[in-house]
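What follows is a short report on a single structure.
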Amino acid sequence: MTNDQSRPESGGLSYALPEFAESAIVVLPVLVEGDLGVYSNEVSTLAKELRAAGVASDYLHDADHRQWRINMGEVPVDLVVGVASAIIGSGLWDAFVAFLTTRYPRNEVRLRIVRQRRRPNGDRTNTTVEISGSGRQLRKLLETALKADAESE
């Protein structure tokens, strides 16, 4: 778990993050080069699949500003997503987790969730929670990691 105090806008990533919508999952790139987001090829259809499953989602970059990085060989699925804190614990969050567990039942998944919180004074903070495991393990791992994140606040 990373709480990036030196760059509170980044959530532990190497690039700045905008404010997330309160009602959507944001698929994030693994890195940003200029105005292009470089995304893992494993997420090339993720936002569309999530929307089909009833989960509001989009990429951080529009189609003209996305590039895909193809990994060769047997590598874990690398997912980076952003969520507004209000989503966690909602029906939308439950649908997202259910989607992941069915989409990647046996695959090894490295999931980085950037949880964005809005403070009463209007400031935003981003905390990155990183977990790894099979799709079937994600629900329990997420519950444990997010509970630890909430307790550390």
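Assorted remarks:
- Close pairs (8 angstrom Cβ cut-off, 6 or more residues apart or separate chains): free of Cβ contacts under 8 Å to residues at least 12 places away in the same chain in the range 99-116, in a helix (DSSP H, G or I) and of a type in the set (S, T, N, Q) anywhere: none
- First in the range 73-92 and in contact (Cβ under 8 Å) with a residue 12 or more places away in the chain and on the phi < 0 side of the Ramachandran plot, second anywhere and outside any loop (DSSP other than H, G, I, E, B) and polar (S, T, N, Q), Cβ under 6 Å, 6 or more apart: Asp78/Ser40; Ala84/Gln116
- Residue check, Leu92 of a type in the set (A, V, I, L, M, F, W, C), modelled with pLDDT under 90 and under 15 Å from the mean Cα position of the chain (by Cα): yes
- Residue in the range 23-35 that is at pLDDT below 90, exposed (fewer than 15 other Cβ atoms within 10 Å of the Cβ) and of a type in the set (A, V, I, L, M) present: no
- Flag for Pro8 being at pLDDT below 90 and not in a strand (DSSP E or B): yes
- Residue within the range 43-52 that is modelled with pLDDT under 95, under 15 Å from Gln116 (Cβ atoms) and either touching an Asp or Glu at 6+ places or on another chain (Cβ under 6 Å) or surrounded by 19 or more Cβ atoms within 10 Å (Cβ to Cβ) (or both) present: no
The values are calculated or read from the model by the stated rules, or taken from the named source; none is laboratory data. Quick caveat, the model's predicted, so the values are computed rather than measured. When we count neighbours, we look across all protein chains shown, and the Cβ atoms used for this are built from the backbone with ideal geometry, even at glycine.
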